[in-house]
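Structure first, then comments.
The values are calculated or read from the model by the stated rules, or taken from the named source; none is laboratory data. All values derive from a computational prediction rather than experimental measurement. Here Cβ is always computed from backbone atoms with ideal geometry, including for glycine, and neighbour counts include all displayed protein chains. Only protein heavy atoms, including side chains, enter the accessible area calculation; ligands, DNA and RNA are left aside. Shrake-Rupley method; radii C 1.70, N 1.55, O 1.52, S 1.80 Å.
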Amino acid sequence: MSFGRVWIFDLDNTLHNARPHIFPHINRAMTEYLQTHLGLDEAAAGELRRHYWKRYGATLLGLMRHHATDPRHFLWHTHQLPALDGMLVPEPRLRATLRRLPGRKLVFSNAPVHYSRAVLDALGVADLFDDVFTIEHTRYRPKPDSYGFLRLCRTNRLRPQRCIMVEDSLDNLRTAGRLGMKTVWVTRAARAPGYVDVKIADLAQLPRLLAHLK
């Protein structure tokens, strides 16, 4: 069977579960960054971080817009995880699952490149991806902004209509669907909106659903 599609995977909470350990660590690091560089106490820093997240979709965008924060400095200092191996939730079936999926595979993440590559290395799947496209490559315009999706496609010479976006975020899948991509939602939700082509609770289900994504 000729498949002929390109897989685009989100990283956190798609290829691995970042909720228990990694996201709390990064959230604390972001709050501490605001405390240090904006002179705020912990409560005020946490409130401002959540405000920027709600208003702009990312703390970084608020900091860049209102405080002239250097995005490279922010991302480097908030994504330091020296104990990463111990913080990752094991994904023992991930490599075998990815190898069963025909076609090229890319990672598209709002995280920085040093963190994304470290996670893929720790998961033991870095060699399975042709590209790791991160927030730096989108000129700090994170998903769900279509700008990053289009840059990803141009850089890798992809037609959106031949791509499958695998994500835990509905906002990001909505953009992918509008561009003509097939969409896979990784979730335990009972129902999916119309722009989701396939809903799965676990990536291990993907190889059995190829017929729905041709």
TODO: Consider residue 70 carefully, then state whether it is of a type in the set (Asp, Glu), at pLDDT 95 or above, open to solvent by less than 70 Å² (accessible area, probe 1.4 Å) and more than 20 Å from residue 168 (Cβ to Cβ).
DONE: yes
Open item on the list: Go through (1) touching a strand residue (DSSP E or B) at 6+ places or on another chain (Cβ under 9 Å); (2) surrounded by 18 or more Cβ atoms within 10 Å (Cβ to Cβ) for residue 79 and report which single condition fails.
Closed with: (1)
- [ ] Spot the failing condition for residue 190; the list is (1) open to solvent by 20 Å² or more (accessible area, probe 1.4 Å); (2) outside any loop (DSSP other than H, G, I, E, B); (3) among the hydrophobic types (A, V, I, L, M, F, W, C), and only one is missed.
- [x] (2)
- [ ] Considering only segment 115-135, state which residues are surrounded by fewer than 15 Cβ atoms within 10 Å (Cβ to Cβ) and either in contact (Cβ under 8 Å) with a residue 24 or more places away in the chain or hydrophobic (A, V, I, L, M, F, W, C) (or both).
- [x] 124, 130
TODO: Take segment 138-159 and flag every residue that is outside any loop (DSSP other than H, G, I, E, B) and open to solvent by 20 Å² or more (accessible area, probe 1.4 Å).
DONE: 146, 147, 150, 151, 154, 155, 156
- [ ] Sort through 95, 162, 99 and tell me the only one that's open to solvent by 40 Å² or more (accessible area, probe 1.4 Å), in contact (Cβ under 8 Å) with a residue 40 or more places away in the chain and more than 18 Å from residue 71 (Cβ to Cβ).
- [x] 162
Open item on the list: I'd like to check something: does segment 125-139 contain any residue that is among the polar types (S, T, N, Q) and farther than 30 Å from residue 83 by Cβ?
Closed with: no
TODO: Name every residue in segment 107-137 that is assigned to a loop (DSSP other than H, G, I, E, B) and under 15 Å from the mean Cα position of the chain (by Cα), in order of residue number.
DONE: 109, 110, 111, 112, 129, 134, 135, 136, 137
Open item on the list: Which residue is farthest from residue 111 (Cα to Cα), if the candidates are limited to segment 1-59 and must be open to solvent by 70 Å² or more (accessible area, probe 1.4 Å) and modelled with pLDDT under 95?
Closed with: 1
